[in-house]
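Contents: one structure, followed by commentary.
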Amino acid sequence: MKFQLKNTIAVLAFTTLFVSCSNDDDSSSVVEGTTGDVELYFDNGVAGDALILGNTYTNSNNESLTINRLNYIVSNIVLIKEDGTEFTYPKEESYFVISEEGDLLTVHLEGVPAGDYTKVKFGIGVDEQRYLQGESEQQSFWDLAAQYNLTWTWSTGYRFINFEGTYTSPAVEGEKTFQVHQGSNSAIDNYREVTLTLPTTARVREDEMPNIHLKTDANVILDGVNKIKLADNINEAQTGTAIMGGENLISIAENTLQMFAVDHVHNGSHTGHGE
Amino acid sequence: MRTIILILSFACLFISCSKEEEYTEINKSIDFQVPVNFPVLAQDIEHNWPTEKGFELGRKLFYDGRLSADNTISCSFCHEQASAFTHHGHDFSHGINDLVGVRNAPAVQNMAFQSEYFYDGASNSIEMLSIAPIHNPVEMNETLENVVLKLKQDPEYIRLFGVAFDNGEVSSGNVLKALGQFMTMMVSANSRYDKHVRNEPGGDFSQQEQYGMELFQQNCTVCHKTDLFTDSAFRNNGLPPNPNLNDLGRETVTGFAADRHKFKVPSLRNVELTAPYMHDGRFGSLQSVLNFYSSGLVDSATLDEELKHEGVLGIPLTQEEKEALIAFLKTLTDEEYINNSMFYYQT
């Protein structure tokens, strides 16, 4: 009996919680024509562990990577509601640098129509259309990207991902450097978009800013659906591996489709990670 | 009556003059025309349509050494107008600190009609392409961001950017835009050949030139297509690789072994003026180029199919045919282009 009572209380408490939650929802119903802010927080990790620059991570290719840099570009952000209606963030403002070394981990969006969003879509890198429109159409994004080592100058363009460090592998003697520069060139478009489902609805209101907490898994860049061994791509001088072109970039583009997941969403007026 | 019109038009002129003074400077869109014998534009210039001030600013930048790290090497250093904007007499151009590159400076002409730039396609955008030579350690060895910092110190540039662009900023984007506008206007389409195909006065061909054109159409237009004289494709023409350079060509950009030793088909416009020839400037004369095509090719995994016919490599030609081809190629020289004061350095 006591046990049952406890259960009942628990159920009641739960119900109250649930009711109060829905009460919250009611209290902040969408006011048509209003807008709010949204934050996307990119929590960089490696196969479930936190990414700490300078730390070493062993992957399923049996290679140990000491990661010194993880910078990337996210772009063309779209927020999608339950009924499928999309809000596309203004293209000319929709290019962002995420940088572990720069502690640049948050994308802040403004002027998002109030509503309940269930999915987020974004691109990894810079799309060909915007690229061909020239740098000024990219809103001087070049300067920001250059600051975070995300530009190519020998072949003009952007590095979508700059992933660098050193590695050891049973296949090579001693420690070698690695540089993985993902991007497009005039032969291949490696820009990709991902659509991620939010585990909880992101409520955008004039006074409520959801923070969408994403987890980025740097491990899948080389160790995803496609396996790329750094040792297999070592340079002739045997000093290091630079992956900046060819088939590897196409494989990496496919891998990066699994690089991002939304872990949770903070709703409310005082959300975020204190950035 | 005539006098009245004259006086009236003079008055109009005067009024518009004083208006210009009042509003300081007015920027006007340039009436850019595609030559009738040309294919359509390959670049979307709608979002960076050339304006008078944008073009003038681009020209000033083209001739400005401040685009290089030590302020000595301008674009015009390796791209001289008299040689159809190539570097006459240099197989490889010497850039900053007298460092030497591995490729022969390509002609700058008809840029908006091209879909790929540089011998390896390092850029496919008329606006973005300037990034490559500015940053190349053996060319200008500068960064776009630093160029902007230098230009911001110059009140003249602050004024010119202010007039040329809506946002008026001295910015990396506007530097590239201005250079893009200048290059958009660099159209060479008034050679004797052009006049010939457009049935304009001054387009007469000699018998030899006519014969040369026929030979050209039979043997060369697969790659040197249209009146641009290039298909913008990357091809291995069978040139024996220079082991000292080990230039992989298109593979450098794409990373594909299938692109090894492939280089962009160059336009042949003004070819008389753009010696030396080939991506590494190995041939000093058109005679040597044709000797190569006739009997100098080497076979390899990526040799272009068009240069292999029933086991025969290249394009067999008699000396008479070579001379006729050269005579034809010289009709592609565009005196108006190389002497057009619009592209001169102006102080």
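No value in this document is a laboratory result; all are computed from the given coordinates. Note that the coordinates shown come from a computational prediction; the quantities given were computed from them, not determined experimentally. Here the Cβ is made from the backbone with ideal geometry for all residues, glycine too, and neighbour counts use every protein chain on show.
General remarks:
- For residues of B:252-259, the mean tally of beta carbons on other chains within 10 Å: 6
- Shielding by partners - mean other protein chain Cβ count within 10 Å, residues of A:147-153: 3
- Using the Cβ-Cβ distance between B:ASP299 and A:ASN235 with R0 = 25 Å, the FRET efficiency computed as 1/(1 + (r/R0)^6) comes to roughly 0.30.
- Three-way shape label, chain A, alpha-carbon gyration tensor, a/c 1.5: oblate
- Taking a ≥ b ≥ c as the square roots of the eigenvalues of the Cα gyration tensor, the stretch B:25-188 is classed as oblate, since a/c reaches at least 1.5 and a/b does not exceed b/c.
- Residue by residue, the stretch B:336-345 carries 3J(HN,Hα) couplings of 4, 5, 6, 10, 5, 5, 4, 9, 5, 5 Hz when phi is fed to the Karplus relation 6.51 cos²θ - 1.76 cosθ + 1.60 (θ = phi - 60°); x denotes Gly or Pro.
- Protection proxy ranking of B:178-190, B:75-87, B:212-224 - average other beta-carbon atoms within 10 Å, highest first: B:178-190, B:75-87, B:212-224
- Residues with amide H under 5 Å from that of B:SER123, placed H, sequence gap 5 or more: A:THR156, B:TYR117
- Restricting the calculation to alpha carbons of the protein assembly as shown gives Rg and Dmax of 29.8, 117 angstrom.
- Approximate spin-label separation A:HIS264-A:ALA171, in nm, with each point projected 7 Å along Cα-to-Cβ: 4.0 nm
- Sequence ranges B:297-307, B:109-119, A:87-97, ranked by mean other-Cβ count within 10 angstrom, highest first: B:109-119, A:87-97, B:297-307
- The A:ASN55 and B:SER115 beta-carbon pair, evaluated with R₀ = 41 Å, returns a calculated FRET efficiency of approximately 0.40.
- Cα centroid separation, the stretch A:209-275 to the stretch B:83-97: 43 Å.
- Listed residue pairs exceeding 28 Å between alpha carbons, taken from B:LYS53/B:LYS330; A:LYS91/A:LYS227; B:LYS177/B:LYS264: B:LYS53/B:LYS330; A:LYS91/A:LYS227
- Shape of chain B, Cα gyration tensor, a/c cut at 1.5: oblate
- In this simple spin-label model, placing a label point 7 Å from the Cα along the Cα-to-Cβ direction at both B:GLU200 and B:ASP154 gives a separation of 3.4 nm.
- Net charge dipole, chain A: roughly 780 debye, given to the nearest 20, about the Cα centre with Cβ charges of +1 for Lys and Arg and -1 for Asp and Glu.
- For chain B, with +1 on Lys and Arg beta carbons and -1 on Asp and Glu, the positive-most of B:SER294, B:VAL108, B:PHE182 along the dipole: B:PHE182
- Placing a label point 7 Å from the Cα of A:ASN226 along the Cα-to-Cβ direction, no residue of the stretch A:33-72 has its backbone N under 13 Å from that point.
- Cα centroid separation, the stretch B:100-164 to the stretch B:275-299 (Å): 29 Å
- For B:GLU214 and B:THR347, the FRET efficiency from 1/(1 + (r/R0)^6), where r spans their Cβ atoms and R0 equals 56 Å, is about 0.75.
- Legend: mean number of C-beta atoms from other chains within 10 angstrom of residue C-beta atoms, peptide A:187-200, equals 1.
- Charge dipole (the stretch A:39-124, unit charges on Cβ, about Cα centre) - positive-most of A:ALA50, A:ILE124, A:GLY102: A:ILE124
- For A:THR200, the residues whose amide H sits under 5 Å from its own are A:VAL265, ignoring neighbours fewer than 5 places away on the same chain, with H placed 1.01 Å from N.
- Amide N of the stretch A:183-227 lying under 20 Å from the label point, which is placed 7 angstrom from the Cα of B:ASP44 along Cα→Cβ: A:184-193
- Karplus-derived 3J(HN,Hα), 6.51/-1.76/1.60, for each residue of the stretch A:146-158, Hz, glycine and proline x: 4, 4, 10, 6, 10, 10, 10, 10, 6, 10, 6, x, 9
- Dipole axis of the protein assembly as shown (+1 Lys, Arg; -1 Asp, Glu on Cβ), positive-most option in A:GLY111, B:PHE234, B:PHE205: B:PHE205
- Whole-Hz ³J(HN,Hα) from phi, Karplus 6.51 cos²θ - 1.76 cosθ + 1.60, for the stretch B:242-258, glycine and proline x: 7, x, 6, 9, 6, 7, 7, x, 4, 4, 4, 8, 8, x, 9, 4, 5
- Taking amide H positions as modeled 1.01 Å from N, with prolines and chain starts lacking one, the residues under 5 Å from B:GLY249 and 5 or more places away or on another chain are B:HIS261.
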